[in-house]
Each structure stands twice: as C-alpha cells, then as structure tokens.
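In what follows, a structure is listed as structure tokens, so that the remarks can point back to it.
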Amino acid sequence: MKILPFSLAAIITVALIMVLDMPLPVKDSHTPRLGYFLSPQKGFWQNADPVDQELNETHAIKGLQGNANVYFDDRMVPHVYAENEHDAIFLQGYLHAKFRLWQMDFQSYAAGGRLSEIMGDSSNGTNFLKIDRFFRRLGMVSGAENSLASLESNPETKAYADAYTEGVNYYISNLKDKDIPFEYKLLNYKPEKWTNLKSVLFMKYMAFDLAGFEQDFEMTNAKSVFSKTEMAALYPYGQDSLDPIIPKGTKFAPAAFSMKPPAGADSVYFNYHSNLPQTDSLIKPDKSNGSNNWAVSGNKTKSGKPILCNDPHLGLNLPSLWFEMQISTPQMNAYGASFPGAPSIVIGFNDSCAWGFTNAMRDVRDYFEIKFKDSSKQEYWYDSAWQKTTFRNEVIHIKGKPDHIEKIPETIWGPVMYDQDYPDMLHTGKAYACHWQAQDGSNEIKTFRALDFSKNYDDYIEAMKGYECPGQNMIFACKRGDIALKQNGKFPAKWRGQGDFLMPGENDTYAWRGFIPDSANIVDHNPSRGFVSSANQLPYDTSYPYYLGGVYPVYRGYLINRYLGRMQQITVQDMEKLQTNNYNIFQEMARPILLKYIDQSALSEKEMKYLDIYIQWNLQNDAIEKGPTIEKLWWDSLMTTVYSDEFSRSSLPLPWPEKSTLLDGLLKDSTHYLFLDNTLTSSQETLQNDITSAFKKMIPVLEKADSENNLVWGKFKKSGIRHLLRIPVLSRLDLFSSGGETEINALKEFHGPSWRMIVELTDSTQAYGIYPGGQSGNPGSPYYDNFVNNWVQGKYYPLLFMKETAMKNRPGLKGTMIFKKA
C-alpha cells in the first residue's frame, strides 16, 4: 500500500472547494456572515486590486531608528533601503504582512495545532481537531517554545525577530476592515497580533515538512510480513546507481563511538513487532520534498567566475511559499527568496556571496514503545523501575464549541504520540513516544541572518555552526572564487538499521548513540572536479561509518553530476537549460531491459501502436511528448506486477519499494530477481512474462487518455498550483508542463521547483530567478499568479540587484514607500 503524502494544503477540507458553489448545512457551515462578506464597503469586493495599483505610501513611525525607502520594480518586488538593520527587518515584516498576511497567519495556525479555532472540530469528513491534536502531540508547540527560548537568548536574533514582529503588527494595527484579506472574510475570522513564537512555529512547520517524514510503523509491519532476505531486497541500504554528494572513494575517519548494536539487540530488534500498529497515514510530509543545487568554479565558466544555482522542490501553493525582495543597509545588501512569516533572505545572494539549500533527507524521528503502569499513565517502566510521567496540558480552542484539553504524557523519549486517548488506527492500546530532533531548541534564523551578512568562505562556515534541524545541504559560492557544499545539521548517531522500526523503550538499549560530530559532516570545498552539487541523494557511500537512515532519490543527482562533469565554458544560459532539463535518465537505464524482454509477438496491433511510440520517444519528458505517459504507466504497472503477490500477504500499510529498487535489482540480475515469480499462481513467471503482462495491463488507461486527447505528458500529468484552501477558482490547475519525478526539472502534479535561482558572481553580480506564483497573496490582484506562465515555460526574470541611487531612478517603478522615524 502506498502512503498518502502530506503538505500544508492537505489539511484543508474538501468542503471548502465547494464553498463558493453550493450552500453547506447550517450545523456544519463555516461560511462567513454573508452581510459582511458581500458588503460593498467592507466585503470581498474590496479585495480586487487594479492593474495600476497605487503603491505609494508615506509613514512616520515611532520605534523606527532612522529613515528608509522601499521601491517596487515592475514585478512588484520590493527593494528596501534602510539606515540600519532594525528598520530593514521591521519593513520586511511590514511588507510580508501587507502582501501575505493571511498566508503567514494561517500557516502559524496549522503549525501550532489551532485549525479548530477557525474551521471547527470537523467538517465534511475532515477532522480538524484530530489534526490539531496530532501536531500538539508531535511537539510542534513545545518544540517552538524551546526554539524561541534559544532565539531570544541570542541578543542579535532576538532583536532581529522583535523588529520583524513589530513590522507585522504595525501593519495589522493600521489595517482597515475593507483591506482585510479575502480568506479572512471567507472563513469569518480576523487577524491576531503577530508574535516571535508565530515565526518560530513557521520554522518548525518547515522542519516537519523537511525532516518529519518517517515510515517506522509501516516498516515494522513489513518485517512481520517479509523475511530478512526479502526486507534487504525490498528496502536496500544504498543504491547501485548512486553518485553521492561527497564523491565515492572519499576516506572517512572512524566513528567517534561504537556503531555496533548492543549485544543481542539486533536480533531482538528485528523480531520486535509490537502487535502490528498502524498510524494515520494522512499526516505525512511528502517524501519528495527535496531540491537541486550546484555551484561551478570559475575554471569551468566562460566568465571565469563562479555560478551558483538552486531550485527547492516543495508543495506548490497559492499564495506562494516564497516572497522575493531585496534588503539593503550600510552593513548588508541581500536579495532573494524570503519566507512570509520569518525574517531574513533564506535563499539568495549579497554583494559578495550566494547560497542555497537542498534537503538532507535524514531520518531524525523515531518511536519508542512505552509501558505505563496503569491507565492513569502516571508512571512508566524505564531502567528497571517505574518512572514518574510528566504531563503537558495544551488547550485547543474549537470554533463554536467548548475547549479541548490535550493532556500529553511526556517521557524520557519525548511526548507520547499515540496512546489510548489518541490511538493508532488499529486501536492496539499501545503507547508510543516520539523522539524527534525538531522538538529540541534551535536557532535556524541565526544561520539565515549570518548568511545574509556573509562576505567569504569563513563566514559561510561560521554561519552553519549551531544549525540543527531540518538538516540541509548548504551550498555556497563567493566572488573570491570559493565554492563549497556541506550537509549540515544535528544528526543522531545510529547503528545500521536503528530507527527504521519501532523500538522498545524500557531501557536505553535502543537510544541514539549520541550525535554525529560536526567534523564528520564533510565540507566539499573547491574540489578538483570544479563543481559541487546535491539533489537529495545519499551524502556519502555506504563506507561512511554512521548509518544514514532515510529515503533518498538517486537519478537527479546522477544526471546533474554527469552534465556538470562534461561541461566547460559554462554560461548562465547553460545553467537555465540545466535547471529546466527534462531528460529521463531513469528510462535511459530502464528502456533497454523493457525492450529486451517484452514479447512483441504477444501484442495486438493497438498494443504495438503504443510500443512504437515508446520506442521512438527521445527520452525527453517534454509536455508535448507521449512517451513519458507510456513509460510512467508501464513502470508503475510493472512494479505492481512484480510485487503485488508479496504485498497481498497483509492488509496493513506497507512501504512500497522505490522504483530504483526494482531497476537496480533487474540490472543486477534480470533472470533470477527474487520477486519475478507470482507465488499466487501455479506457473513460474519470468521477467518476460512480467514485462509483457505489465504492458498489456496499462493499455486500457492509455486508450482512455488517448480518446480524451490527454495522452501527451503535459495533459496527462495534470500539474497545478493549488490555493491553500483548495478552491479551484483561486488555483492554477491543468498546467501544460514538462518535467517529472526523476528529471532535473522535478515537476510532478502539485509538487516541484518552488524557486529557481541562478547567480553569476562577476564583479557586478548577475542573477536570474522565478517562482510559480506572484508577489501578492490577494487573489484579486494582477500580481497574484503573474509569474506562473513564464515559470511553466522555463523562463527567468533578471533579479534587479541595485544600489538605491540606481533603483529610485529606474523607469517602470510601481511605487515608492517612504518611512520616517516619528
């Protein structure tokens, strides 16, 4: 059984899709007060912005320490010029609120387990209270409070966050009813004051999205179904086609402590099944949350200067996850993509450097079974004695109903995620504590701020110190010529396989061994091959002394490294083509096997028609091609044909093997691959039988798509960008787009490149970028989604990185805001 992905937008009820088109029953309705919603003076009509929207403003503000100006270029990107850092970040908060208030506020509600406040406890099949309870029990709020304490213990980051919060609240305090964002009116609630905790909650949500994926329950189910040999074949450690971030052959220092499991623990661990639990698979991050980044040295570029590229792959929503801007003070001048809801430029560049991120994909979330003394849960068994349980009571306000008190038991392992009061789906009665790195206090904003101020490689290294979660591959380049990449974070040290399954929690036998020393997080600095890159693949080969639990894609990294290794005299245009490259490297490896073993004599004339299309396909996942549709359906059908008998042994959720697992297995031994024979039949199936059968099984789907004129990839894939409330009219659906799961241009249905950026670090920085949305979060604005068409076509905008004297005189400005201290 495949596991349903989760993203922020997935928590919104399907009922809201219908809210503009049909009335809801009164008892379940969360529709607005219609008089207010339809009011010509205050209602949603006031949210329509004209094409020539007036952006000129003048403010005199108590609390500003100097004067500042904001200029809006022709794409409505703000360029902030302030006399000091406090005012610059104050204005970032103000601008985020002005253009993205509902989005940033809503995300903080979701991260903090507060959706019931605005949505009610449930509606049309979506249980918002259960979702809120999930995030509370996971430790999102307590983890955010820990990180807030860490942030505010640092005077620089506290001042940074305080200034940002002041700017948001200045906007909110001056917000008129008619200008309240559309979604507040739709859902019938109003903005509340911003806090530093809200910013940290957003960062914790990003930690969940990027470092919250796990399949411990499903893997525990799997080991009760499959033998050790089958487990190793279905879920291998490492891939044969891997080209790791740190090149193969790198010599690693021995582990700082023993990475062997304690005596007897390995066999106990493998045989520990814990009554086959099952969790709510709805609430999972998308395991494809990843990205591409690379930097090439001046030795490989036409200009003789480094070029850095980054495109984070995340869920695609409207309003967009990112907000583009420039922030300039006498001490710092940075440009790039920022998170509405948090201060700093996150992915971008300044006068000296450029930086970016891809996800590390490490498993930093594990579960331990807790044995309570009785149903009161006042004591639990640990270290041969009953230990006192502590409790955290979290109040969940529910729209229209009394509050719910979530009483969360806390143990040495962390908060109890599942128990008799919040059971797993099978209601086994078991209790499981969640140990997740993001529950600890950390200060990621410190790293982002430091990167904004960085001048050289040493500053980059210093900026990464103390960064903990979510683990990231942090890439860097500077005008001095350095390029570098490091997988950075606070990663638990585990023995091979530790944390893949549920673990006994009665003593410290299965506790993390500690944390991997920072010295073992290798920095790839100015390598002889002339480039550094990452695409979420394993950072090291399997000779690395620490276990790298997690799920890692392989093909994008393999292809990027192949291209970069061959390229010379590289230009920005070459990098644009590489970021939007649609070549299907997976099928380059798979097609010879498929064509060798398919029995063409067994195919009908109509089946041969589709096989011929596949044979003639140029291996490009371009929107106009039919080959990608055929290959996807064929390989999916082959996966089902090969594995369905083994997976039919149990009705419990089981992790579906990665497509690379089957391909690597067939490349290694196409005749005797373990799973070729269907054990449910009396005959002995071969690879030829499986490949031919899989092809035939997908023909009806192909014929249906063909008859509906949807066989070309751009129509079949149905990519789109959904509004956070899933309202179709506020979304951009059925985009005719290229790319795919294994391509460098990793655009799937609702997931893909969320910000493309290319920076050439010449004396006068040349930078280009685009994201799938627009600067405004207002669906009534012409700047709501105006970047989407160019993004789909693989086009880029020049990023106007200018001094104030040049910017204020630039033709085509959309407006100027003047801020003075009162």
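The values are calculated or read from the model by the stated rules, or taken from the named source; none is laboratory data. These figures come from a predicted structure and were not determined experimentally. No Cβ is skipped: glycine too gets one built from the backbone with ideal geometry, and neighbour counts run over all protein chains shown. For accessibility, only protein heavy atoms count, side chains too; no ligands or nucleic acids. Shrake-Rupley method; radii C 1.70, N 1.55, O 1.52, S 1.80 Å.
The modelled label-to-label distance between GLU192 and PHE257, using points 7 Å beyond Cα along the C-beta direction, is 4.1 nm. In the context of the full set of protein chains, the range 467-625 has a per residue accessible area of 35 Å² (1.4 Å probe). In terms of the Cα gyration tensor, with a ≥ b ≥ c the square roots of its eigenvalues, is the range 76-193 rounded because a/c is under 1.5, prolate because a/b exceeds b/c, or oblate? It comes out oblate by the Cα gyration axes. About its Cα centre, the range 455-561 has a charge dipole of approximately 320 debye under the convention of +1 per Lys or Arg Cβ and -1 per Asp or Glu Cβ, with nothing else charged.
Excluding ligands, DNA and RNA, the accessible surface per residue across the range 739-794 is 25 Å² with a 1.4 Å probe. Beta-bridge orientation, the chain: approximately 90 percent antiparallel, per DSSP, counting only bridges with both partners inside.
Computed from label points 7 Å out along Cα-Cβ, the spacing between SER651 and SER375 is 2.7 nm.
Centre-to-centre, using Cα atoms only, the range 62-116 and the range 598-644 are separated by 49 Å.
Which FRET efficiency value, to the nearest 0.05, do you get for VAL551 and LYS704 by plugging their Cβ-Cβ distance into 1/(1 + (r/R0)^6) with R0 = 30 Å?
With R0 = 30 Å, the Cβ-Cβ based efficiency is 0.40.
Oblate is the label for the range 509-600. Its Cα gyration tensor axes, ordered a ≥ b ≥ c, give a/c of at least 1.5 and b/c at or above a/b. The chymotrypsin sites (Phe, Trp or Tyr not before Pro) of the range 119-227 include none that DSSP puts in a loop with a beta carbon having at most 14 other beta carbons within 10 Å.
Computed from the C-beta positions of GLU230 and THR428, the FRET efficiency with R₀ = 25 Å rounds to 0.55. Working note: Karplus 6.51/-1.76/1.60 with θ = phi - 60° gives the range 60-74 the couplings 10, 10, 5, x, 5, 9, x, 10, 8, 10, 10, 10, 9, 7, 5 Hz, where Gly and Pro are set to x.
In the set [x] 13, 37, 33, 15, 2, 0; [y] 15, 48, 33, 4, 0; [z] 13, 43, 32, 7, 3, 1, 0, the label that goes with P(r) over Cα pairs in 20 Å bins from 0, in percent computed for this structure is [y]. Evaluated with a Cβ-only charge set (Lys, Arg +1; Asp, Glu -1), the chain carries a dipole of roughly 940 debye about its Cα centre, given to the nearest 20. Can you work out D for the range 698-812 in µm² s⁻¹ from Stokes-Einstein, where Rh is the Kirkwood radius over C-alpha pairs, the temperature is 4 °C and the viscosity is 1.567 mPa s? Diffusion coefficient, whole number: 78 µm²/s. For the range 733-822, which GluC sites (Glu not before Pro) pass both filters: DSSP loop (anything but H, G, I, E, B) and at most 16 other C-beta atoms within 10 Å? Qualifying residues, ordered by number: GLU749.
Couplings 3J(HN,Hα) for the range 93-104, derived from phi with the Karplus relation 6.51 cos²θ - 1.76 cosθ + 1.60 (θ = phi - 60°), are x, 4, 5, 4, 5, 4, 10, 9, 4, 4, 4, 5 Hz, where x marks Gly and Pro.
A helix-only calculation puts the chain at -9500 deg cm²/dmol for mean residue ellipticity at 222 nm, using -39500 (n - 2.57) for each DSSP H run of at least four residues, averaged over all residues. When every Cα-Cα distance of the range 135-272 is counted in 10 angstrom steps from zero, the calculated P(r) takes the values 8, 19, 23, 22, 14, 12, 2 percent.
For ALA431, nonlocal amide neighbours, meaning residues 5 or more places apart or on other chains whose placed amide H falls under 5 Å from its own, are ILE370.
For the range 345-421, just say rounded, prolate or oblate: build the C-alpha gyration tensor, square-root its eigenvalues into a ≥ b ≥ c, call rounded for a/c under 1.5, and beyond that prolate if a/b exceeds b/c, oblate if not.
oblate
Here HIS59 and ARG480 are evaluated by their C-beta separation; at R0 = 30 Å the FRET efficiency comes out at 0.15.
Using a probe radius of 1.4 angstrom, the carbon and sulfur fraction of the accessible surface of the chain is 51%.
By the Cβ-Cβ criterion of under 4.7 Å, the unpaired cysteines of the chain are CYS309, CYS434, CYS469.
For the listed residue pairs LYS696/LYS718; LYS300/LYS455; LYS198/LYS486; LYS717/LYS795; LYS287/LYS455; LYS399/LYS718, the alpha carbons are over 32 angstrom apart in LYS287/LYS455; LYS399/LYS718. Amide H contacts of LEU318: ARG722, HIS723, LEU724, each under 5 Å away and 5 or more positions distant or on a separate chain (H built 1.01 Å from N in the peptide plane; Pro and chain starts excluded).
In percent, rounded to a whole number, the relative contact order of the chain is 21, using alpha-carbon pairs under 8 Å and six or more apart.
The Rg/Rh ratio for the range 176-225, using Cα coordinates for both the radius of gyration and the Kirkwood hydrodynamic radius, is 1.32.
Spin-label model, LEU674 to ASP440: label points 7 Å out along the Cα-to-beta-carbon direction sit 3.4 nm apart. Once the chain from ARG496 to GLN684 is taken as fully extended at 0.36 nm per residue, the excess over their C-alpha distance is 64.2 nm.
Counting only protein heavy atoms and a 1.4 Å probe, the range 627-709 has 42 square angstrom of accessible area per residue.
3J(HN,Hα) along the range 339-353, derived from phi through the Karplus expression 6.51 cos²θ - 1.76 cosθ + 1.60 where θ = phi - 60°, amounts to 8, x, x, 8, x, 4, 8, 8, 10, x, 7, 9, 5, 10, 9 Hz, with x in place of Gly and Pro.
Around the amide H of LEU733, modelled in the peptide plane, lie the amide H atoms of ILE721, all under 5 Å away and 5 or more residues distant in sequence or on another chain.
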